[in-house]
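Asker: Got a structure here, written out as structure tokens. Questions coming.
The values are calculated or read from the model by the stated rules, or taken from the named source; none is laboratory data. Just so it is clear, the model here is predicted, and its values are computed rather than measured. Neighbour counts are summed over all protein chains in view; Cβ atoms, including those assigned to glycine, are modelled from backbone coordinates with ideal geometry. Heavy atoms of the whole protein, side chains included, go into the accessibility calculation; ligands, DNA and RNA do not. Shrake-Rupley method; radii C 1.70, N 1.55, O 1.52, S 1.80 Å.
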Amino acid sequence: MHQKTIDEAKKRLFNGQLVIFPTETVYGIGANANNLQAIELIYEIKERPISNPLICHFANLNQIEKDFILKEKDYELASVFWPGPLTLILEKKQSSQISHLVSNNQKLVGCRIPNNKIALNLLSILDFPLAAPSANIATRTSTTSIKDLDDNLKKIFYIDGGASVLGLESTVIQTTSDGCKILRLGSLTIEEIKNKFSHYIININGSKISPGNQKKHYSPVKPIRINVDYVKENETLLNYGKNKLNSNIKNMNLSKDEDLIEASHNFYHYLNILDKTDCASIAVAPIPEVGLGKTINDRLKRATYKDKKLFNN
Ligand code: TXA
Ligand code: MG
């Protein structure tokens, strides 16, 4: 990455402007987390209600410790999964300069250290964290490549870091005295957490869910039909594995080899391609409900949710 681009991004962020930058999960729209007006711009351009808080991105753990109180289990998860697709809900210190608008006035803020060279390079030369939601209009699919950016968001200064390596958002987690609660499924799987911390009690149906868990979210423009065993005349197909399913209009296969890592990487980009075709709806083949498949199915279920007005976020 050209240093000039990073320097330009730094200048803009310092001046309260927005910058779209790559992470290993999906692209983010970043703003100085300490700057109220800059945070307002994010909510405005994303058409996102302020009741849905933003994630703060940091270069390293020292930076996080300046602003937040970490408990023992936060340190345990952080030491294994950061930098990476883990967002921890942490308690802000009284002394923190982070804008209240980042977390809708709550003391609890989602924090993560992304595992992407460009993001880390940028974060390490800033003297403030970056508040950054996914770079999409609220309720729509996240963006894993600059060419999939919504036209409205293309006006923002962006850093092109190629295709996002993982392709699904981070896993949002709040630690508890005996383990943790999963507030949003993501790129870090429950199986990976259990592997490292077999003694953790992991609650996946926590009563306090992340607003990003609202029913209508992560949705293409076209209606989608999931778990299909046939494809209609006027449908495109998002396929998985080897089977006899076929669309007359367009077929995209998330992973012929049934590799869920490959499927996650392709997921949003392929949905975007199918969304742009002249089809009535998108048919989606069954995805196994294990590991990353759980996250993909979670996003698919939300994308099928009909009432856009009720869940416009
Ligand atoms: O991978 C990712 O997480 C990407 C990249 C850019 O880092 N970001 C992302 O941000 O997906 P966003 O804003 O689209 O989703 C953040 C999720 C939402 O579901 C939000 O409700 C939840 O995190 N969240 C953030 N702060 C929270 C808090 N204080 N309490 C509960 N949930 C929170
Ligand atoms: Mg999002």
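Asker: What residue among Leu86, Leu237, Leu70 has the largest mean-square fluctuation in a Gaussian network model of the chain, using Cα springs under 10 Å?
Answerer: Residue with maximal mean-square fluctuation among Leu86, Leu237, Leu70: Leu70.
Asker: Another question about this same structure. Counting only residues 5 or more places away or on other chains, whose amide H sits under 5 Å from the amide H of Gly84 once H atoms are built in the peptide plane?
Answerer: When sequence neighbours closer than 5 places are left aside, the close amide H contacts are Ile113, Asn115.
Asker: Let me ask another. Report, by chain and number, residues whose modeled amide H sits under 5 Å from the one on Thr139, excluding near sequence neighbours (fewer than 5 apart, same chain).
Answerer: Hits under the 5 Å cutoff: Tyr218, Asn313.
Asker: Suppose we keep just the DSSP beta bridges with both residues in the range 3-204; what percent of those would be antiparallel, to 5?
Answerer: 60
Asker: Moving to a separate point now. Assuming a ≥ b ≥ c are the square roots of the Cα gyration tensor eigenvalues, decide whether the range 3-204 counts as rounded (a/c under 1.5), prolate (otherwise, with a/b larger than b/c) or oblate. Walk me through the numbers on the way to the answer.
Answerer: Details: a/c = 1.63, a/b = 1.40, b/c = 1.16.
Because a/c hits 1.5 or more and a/b exceeds b/c, the range 3-204 counts as prolate.
Asker: How many Å² of accessible area per residue for the chain, probe 1.4 Å?
Answerer: Values: 14130 Å² over 313 residues.
It amounts to 45 Å² per residue over the chain.
Asker: Counting only protein heavy atoms, what percent of the accessible surface of the chain is carbon or sulfur at a 1.4 Å probe? Each step should come with its number before you reach the end.
Answerer: Values: 7070 of 14130 Å².
Of all accessible area on the chain, carbon and sulfur atoms account for 50 percent.
Asker: Run the helix sum for the chain: -39,500 (n - 2.57) per DSSP H stretch of 4+ residues, divided by residue count, reported at 222 nm to the nearest 500 deg cm²/dmol. Don't jump to the answer; show the numbers that get you there.
Answerer: Numbers: 8 runs with 83 residues, N = 313.
One gets -8000 deg cm²/dmol as the mean residue ellipticity at 222 nm.
Asker: Search the structure for amide H atoms under 5 Å from the amide H of Asn203, placed 1.01 Å from N in the peptide plane, and list their residues when 5 or more places away or on another chain.
Answerer: Amide H to amide H, under 5 Å and 5 or more residues apart or across chains, Asn203 pairs with Cys180, Lys181, Ile182.
Asker: Oh, and also: On a 32 Å Cα-Cα criterion, which of the cross-link pairs Lys10/Lys256; Lys250/Lys301; Lys46/Lys301 come out too long?
Answerer: On the way: Lys10/Lys256 41 Å; Lys250/Lys301 22 Å; Lys46/Lys301 22 Å.
Where the Cα-Cα span goes over 32 Å, the pairs concerned are Lys10/Lys256.
Asker: Please compute the alpha carbon radius of gyration of the range 49-156, then divide it by the globular-protein estimate 2.2 N^0.38 Å. Two decimals is fine.
Answerer: Working: Rg = 14.4 Å, N = 108, 2.2 N^0.38 = 13.0 Å.
Normalised Rg, Cα atoms only: 1.11.
Asker: Further question on the same structure: How would you classify the range 1-79 from its alpha-carbon gyration tensor, with a ≥ b ≥ c the square roots of the eigenvalues: rounded for a/c under 1.5, else prolate if a/b is greater than b/c, otherwise oblate? Provide the component values of the computation, followed by the final result.
Answerer: Working: a/c = 1.87, a/b = 1.32, b/c = 1.42.
In terms of gyration-tensor shape, oblate.
Asker: A follow-up question, please. Tell me, what HN-Hα J-couplings in whole Hz come from the Karplus equation 6.51 cos²θ - 1.76 cosθ + 1.60 at θ = phi - 60° for each residue of the range 85-100, using x for Gly and Pro?
Answerer: x, 10, 10, 9, 8, 10, 8, 6, 6, 3, 6, 5, 8, 5, 4, 5
Asker: If you don't mind, there's one more thing I want to ask. Which whole-Hz ³J(HN,Hα) couplings does the range 151-157 yield from phi under the Karplus relation 6.51 cos²θ - 1.76 cosθ + 1.60, θ = phi - 60°, glycine and proline marked x?
Answerer: 3, 4, 7, 5, 6, 7, 4
Asker: To continue, here is another question. Per residue of the range 221-233, in order, report the coupling 6.51 cos²θ - 1.76 cosθ + 1.60 (Karplus, θ = phi - 60°) as ³J(HN,Hα) in whole Hz, putting x for Gly and Pro.
Answerer: In residue order, the calculated couplings are 6, 6, x, 10, 10, 9, 6, 6, 10, 8, 10, 6, 2 Hz.
Asker: With unit charges on the beta carbon (Lys/Arg positive, Asp/Glu negative), name the residue among Asn266, Ala78, Ile296 whose Cα is farthest towards the positive pole of the charge dipole of the chain.
Answerer: Towards the positive end, the residue furthest out is Ile296.
Asker: Relative contact order for the chain: what percent, with Cα pairs under 8 Å and sequence separation of 6 or more?
Answerer: Values: 687 pairs, mean separation 60.0, N = 313.
Once divided by the residue count of the chain, the mean separation gives 19 percent.
Asker: Right, next: Please give, to one decimal in nm, the separation of the simple spin-label points placed at Lys301 and Lys256, each 7 Å out from Cα toward the Cβ.
Answerer: 3.2
Asker: Please work out whether the range 224-310 counts as rounded, prolate or oblate from its C-alpha gyration tensor, where a ≥ b ≥ c are the square roots of the eigenvalues and a/c under 1.5 means rounded, while otherwise a/b larger than b/c means prolate and anything else oblate?
Answerer: Values: a/c = 1.61, a/b = 1.08, b/c = 1.49.
It comes out oblate by the Cα gyration axes.
Asker: Toward the positive end of the charge dipole of the chain, about the Cα centre and with charges on Cβ (Lys, Arg +1; Asp, Glu -1), which of Ile50, Asn60, Asn227 goes farthest?
Answerer: It is Ile50.
Asker: Can you tell me the FRET efficiency between Asn121 and Asn15 if r is taken as the Cβ-Cβ distance and R0 is 25 Å, rounded to the nearest 0.05?
Answerer: On the way: r = 19 Å, r/R0 = 0.77.
E(calc), rounded to 0.05, equals 0.85.
Asker: Let me ask something else. Can you give the FRET efficiency to the nearest 0.05 for Ser177 and Val290, using r as the Cβ-Cβ distance and R₀ = 35 Å? Numbers along the way, then the final one.
Answerer: On the way: r = 28 Å, r/R0 = 0.81.
Step by step, r from the Cβ atoms, then E = 0.80.
Asker: Suppose every K and R has +1 on its Cβ and every D and E has -1 on its Cβ; what is the size of the dipole of the range 3-204 about the Cα centre, in Debye to the nearest 20?
Answerer: Details: 22 positive and 21 negative charges, 32 e Å.
My answer is approximately 160 debye.
Asker: Here is a follow-up. When the chain is modelled as a GNM with alpha-carbon springs shorter than 10 Å, which of Glu24, Glu72, Glu235 fluctuates the most?
Answerer: Comparing Glu24, Glu72, Glu235 in a Gaussian network model of the chain, the most mobile one is Glu72.
Asker: At 15 angstrom or more along the helix axis (alpha-carbon based) and mean Kyte-Doolittle of 0.0 or higher, what helices does the chain contain? Whole DSSP H runs only.
Answerer: Working: long enough: 3-14 (16 Å, -1.21); 36-46 (16 Å, 0.65); 260-275 (22 Å, 0.07); 292-303 (17 Å, -0.92).
Helices passing the filter in the chain: 36-46, 260-275.
Asker: Set the Förster radius R0 to 35 Å, insert the Cβ-Cβ distance between Asn60 and Asn152 as r into 1/(1 + (r/R0)^6), and round the FRET efficiency to 0.05. The partial results should precede the final answer.
Answerer: Numbers: r = 33 Å, r/R0 = 0.94.
Efficiency computed from Cβ-Cβ geometry: 0.60.
Asker: Hey, another quick one. List the aspartates and glutamates whose Cα sits under 19 Å from the Cα of Lys117, skipping any in the same chain fewer than 8 residues away.
Answerer: Within the straight-line limit of under 19 Å, Lys117 reaches these aspartates and glutamates: Asp7, Glu8, Glu24, Asp127, Asp160, Glu169.
Asker: Also: With the chain treated as a Gaussian network of Cα nodes joined by springs under 10 Å, which of Leu238, Leu122, Leu185 yields the largest mean-square fluctuation?
Answerer: Result for the chain, Cα springs under 10 Å: Leu122 fluctuates most.
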